[in-house]
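Note sheet for the following structure.
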Amino acid sequence: MPDYDQAYQEFNWKDVEKNFSWYETGKVNMAYEAIDRHAESWRKNKVALYYSDQNRDEKYTFRDLKLRSNQFGNVLRTIGVEKGDRVFLFMPRSPELYISLLGILKNGSIVGPLFEAFMEQAVRDRLENSDATTLITTKDLLPRVPYKELAHLNQIILVGEDELPDNTEDIKFYNYETEMKKASRDLEIEWVDREDGMILHYTSGSTGKPKGILHAHNAMIQHYQTAKWVLDLQEEDIYWCTADPGWVTGTSYGIFGPWLNGASNLIRGGRFSPEDWYLTIEKYGVTVWLSAPTAFRRLMSVGDNVSEEYDLSSLRHILSVGEPLNAEVVHWGMKVYKLRIHDHWWMTETGGIIIANYRSMEMKPGSMGKPFPGIEAAILDDAGNELPQGQMGKLCVKAGWPSMLRAVWKNEERFNQYFPVDGWFESGDLASMDEDGYFWFGGRDDDVIQTSGERVGPFEVESKLVEHPAVAEAAVIGKPDPVRGEIIKAFVALRDGYTKTDELQEELRLYVKQGLAAHAAPREIEIRDFLPKTRSGKIMRRVLKAWDLGLPTGDLSTMEE
Ligand code: WTA
């Protein structure tokens with residue numbers, strides 16, 4: 001990015017639109033703009049995807065991805081998947097995941113990526129709410145898909161599996177490899193309107209089931225320009241985003257942003273390990289690296305001698321997102337990587353980066369940075385008035401940025417709640433802005449927990465706990481933790497006839513782990529005689545949290561006797 005202040009003054013989203021095909025044809029398709037456009041240019045033999053995990057080490061050029069995603073688009077078309085249908089992905093990172101995702105978009109369908117860590121209840125909630133018709137998964141994960149009970153789901157494509165389960169009246173199974181072999185490499189892309197639905201990311205709130213945040217193809221305008229200016233992607237870069245596509249960072253900046261810019265994108269499968277991550281940077285000569293505070297904190301905690309064993313000199317730009325990045329970590333990064341870690345802020349609902357630290361800008365460690373050009377962010381009070389500098393309030397964004405959420409799936413009421421003040425999107429985060437226009441994160445306005453970079457809604461965990469026969473009531477909070485940001489702590493009241501034991505606590509933890517997801521399992525469980533509630537019966541998490549942390553409880557007027 002050129003000088004920030006100048007860019008902020010001169011920038012216009014309309015100029016970015018000229019990069020894409022609708023400027024000429026009125027129609028567009030994200031997968032075409034991200035892949036085919038480059039495959040039809042001098043970039044065609046450039047490596048688009050480096051994929052590596054324990055067992056695989058592969059490269060795909062833009063042309064390879066174009067042809068394979070064409071084939072997958074044809075597979076979907078052959079089995080009757082239509083424009084606008086929800087097609088879900090539930091599998092570990094692999095080239096097939098990325099090829100499938102692109103093929104789904106080329107078919108004009110809406111893609112729903114799910115974390116491979118989800119257990120049955122989490123999978124069920126999302127497939128049920130979205131009325132997904134088609135699922136792409138693996139044999140290992142299939143047992144967590146209650147497909148017999150999902151009325152709309154009528155076909156499943158299994159990746160890497162020769163023997164298919166028997167078809168039933170309601171559900172047909174296909175083999176990915178077999179279908180791909182039969183499919184043509186030529187595809188008539190489904191050209192869509194820029195406002196047509198593209199991707200559905202489920203995200204947690206503090207109440208209710210997870211909600212499906214819908215984004216349109218139009219988001220590409222923002223993905224493209226933010227990747228250009230915040231990720232600072234250049235032609236020669238090897239870019240590595242460590243996020244899984246089950247999370248919005250793993251799609252907006254693990255797929256769309258880099259590929260819209262024609263960048264070489266590295267995908268690393270498998271779990272976090274300091275040695276493996278540093279080896280990955282060394283082996284591939286990663287130049288631009290995007291990760292999360294939890295990862296940096298864990299790398300920090302293993303000691304600087306680990307990083308010294310690897311050649312990390314290829315790195316030229318590092319970024320962090322998802323939780324507050326402590327100033328301490330930024331200082332450590334400058335020591336170990338000789339680079340600043342660039343914090344930036346956004347959320348599933350915003351679809352793309354809203355506030356960021358830019359390479360060309362002076363940075364204040366601990367701050368999230370300044371609004372992206374073309375975007376207006378503000379700190380408002382409950383009535384929608386702008387608060388004075390330095391004062392903590394609601395972090396809001398002027399509605400209308402290109403990648404703004406288009407709907408909460410089948411829940412208009414919830415969608416409208418994001419816009420309590422006319423013309424402003426309310427993020428649910430608290431923040432303040434200083435005299436130089438830098439934004440500082442203050443916390444969540446509600447109770448959503450950020451643990452190790454994952455966003456967990458307390459309600460989901462509580463609901464699972466309450467399903468256990470021993471549990472009468474449960475309340476879940478995020479407890480500050482130096483490494484994980486927050487850990488999940490559950491307060492549980494037992495049903496009559498059950499007594500508090502260590503075994504029971506462990507059993508409850510496992511129950512959530514196996515029923516929902518490993519990252520959603522409480523690390524701490526406290527069994528109490530009763531839980532504080534409002535008169536209307538709502539459990540008061542903030543009171544529990546205050547008790548737990550020894551803080552003032554605030555207003556208790558609504559608490560029942
Ligand atoms: C939090 C992730 C502090 C915030 C892209 C937000 C952050 C939620 C930052 C969205 C940051 C994200 N500093 N907190 N730089 N970035 N958050 O939807 O609470 O998974 O509302 O999207 O993460 O999480 P989500």
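Computed quantities for the displayed model
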| quantity | calculated |
| --- | --- |
| Total residues in region 313-332, condition more than 17 Å from residue 241 (Cβ to Cβ) and either open to solvent by less than 40 Å² (accessible area, probe 1.4 Å) or hydroxyl-bearing (Ser, Thr, Tyr) (or both) | 5 |
| Close pairs from region 340-367: first assigned to a helix (DSSP H, G or I), partner aromatic (Phe, Trp, Tyr) and within 8 Å of the ligand (Cβ to nearest atom), Cβ under 9 Å, at least 6 apart | 348/247 |
| Filtered residues of region 312-335 (kept if more than 12 Å from the ligand (Cβ to nearest atom) and among the hydroxyl-bearing types (Ser, Thr, Tyr)) | 313, 314 |
| Whichever residue in region 344-397 is among the acidic types (Asp, Glu) and more than 13 Å from the ligand (Cβ to nearest atom) and, among such residues, is modelled with the lowest pLDDT | 382 |
| Among residues of region 50-78, those that are of a type in the set (S, T, N, Q), open to solvent by less than 10 Å² (accessible area, probe 1.4 Å) and either assigned by the TED database to the domain that holds residue 145 or closer than 24 Å to residue 409 by Cβ (or both), counted | 2 |
| Some residue of region 422-437 being touching a helix residue (DSSP H, G or I) at 6+ places or on another chain (Cβ under 9 Å), among the acidic types (Asp, Glu) and in contact (Cβ under 8 Å) with a residue 12 or more places away in the chain | yes |
| Among residues of region 227-260, those that are among the charged types (D, E, K, R) and buried (at least 24 other Cβ atoms within 10 Å of the Cβ), counted | 0 |
| Qualifying strands (runs of 3 or more DSSP E) (wholly inside region 132-209; at least 3 residues being modelled with pLDDT of 95 or more and not aromatic (Phe, Trp, Tyr)) | 134-138, 155-159, 197-203 |
| Pick from region 79-108, criterion out of contact with any Leu (no Cβ under 9 Å at 6 or more places or on another chain) and in a helix (DSSP H, G or I), ranking: least open to solvent (accessible area, probe 1.4 Å) | 105 |
| Single residue of region 420-440 satisfying the filter (open to solvent by 50 Å² or more (accessible area, probe 1.4 Å) and modelled with pLDDT of 90 or more) that is farthest from the ligand (Cβ to nearest atom) | 435 |
| Positions within region 482-492 being surrounded by 17 or more Cβ atoms within 10 Å (Cβ to Cβ) and at negative phi, in sequence order | 484, 486, 487, 488, 489, 490, 491, 492 |
| Selection within region 25-43 - within 13 Å of residue 194 (Cβ to Cβ) and either assigned by the TED database to the domain that holds residue 68 or open to solvent by 20 Å² or more (accessible area, probe 1.4 Å) (or both) | 25, 26, 27, 32 |
| Residues within region 280-310 that are over 14 Å from residue 238 (Cβ atoms) and either within 16 Å of the ligand (Cβ to nearest atom) or open to solvent by 30 Å² or more (accessible area, probe 1.4 Å) (or both), tallied | 16 |
| Some residue of region 513-521 being farther than 22 Å from residue 125 by Cα and either within 16 Å of the ligand (Cβ to nearest atom) or open to solvent by 40 Å² or more (accessible area, probe 1.4 Å) (or both) | no |
| Looking only at region 446-457, and only at residues there that are of a type in the set (D, E, K, R) and touching a helix residue (DSSP H, G or I) at 6+ places or on another chain (Cβ under 6 Å), the one that is surrounded by the most Cβ atoms within 10 Å (Cβ to Cβ) | 454 |
| Count of region 463-480 residues which are buried (at least 17 other Cβ atoms within 10 Å of the Cβ) and part of a strand (DSSP E or B) | 8 |
| Unique residue being within 22 Å of residue 59 (Cα to Cα) and modelled with pLDDT under 95 when the list is 272, 256 | 272 |
| Residue list for region 225-274, restricted to those being in a strand (DSSP E or B) and touching a helix residue (DSSP H, G or I) at 6+ places or on another chain (Cβ under 6 Å) | 238, 239, 241, 265, 266, 268 |
| Flag if residue 460 is of a type in the set (Asp, Glu), within 22 Å of the chain's Cα centre (by Cα) and open to solvent by less than 40 Å² (accessible area, probe 1.4 Å) | yes |
| Residue match in region 502-522 (condition: part of a strand (DSSP E or B) and either modelled with pLDDT under 80 or closer than 28 Å to residue 301 by Cα (or both)) | no |
| Any hit, region 317-330, residues being assigned to a loop (DSSP other than H, G, I, E, B) and over 23 Å from the mean Cα position of the chain (by Cα) | no |
| Any hit, region 394-411, residues being without any contact (Cβ under 8 Å) to a residue 24 or more places away in the chain and in contact with a strand residue (DSSP E or B) (Cβ under 7 Å, 6 or more places away or on another chain) | no |
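Residue-wise test of (1) open to solvent by 10 Å² or more (accessible area, probe 1.4 Å); (2) in contact (Cβ under 8 Å) with a residue 40 or more places away in the chain; (3) within 16 Å of the ligand (Cβ to nearest atom); (4) among the charged types (D, E, K, R).
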| residue | (1), (2), (3), (4) |
| --- | --- |
| 176 | yes, yes, no, no |
| 179 | yes, yes, no, yes |
| 184 | yes, yes, no, no |
| 189 | yes, yes, no, no |
| 192 | no, yes, no, no |
| 195 | yes, yes, no, yes |
| 200 | no, yes, yes, no |
| 210 | yes, yes, yes, no |
| 215 | no, yes, yes, no |
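The values are calculated or read from the model by the stated rules, or taken from the named source; none is laboratory data. This one's a predicted model, so the numbers in the text were calculated from it and none came from an experiment. Methodologically, a virtual Cβ is constructed for each residue, glycine included, from the backbone with ideal geometry; neighbour enumeration extends over all protein chains shown. These accessible areas exclude ligands, DNA and RNA; they are computed on the full protein's heavy atoms, side chains included. Shrake-Rupley method; radii C 1.70, N 1.55, O 1.52, S 1.80 Å.
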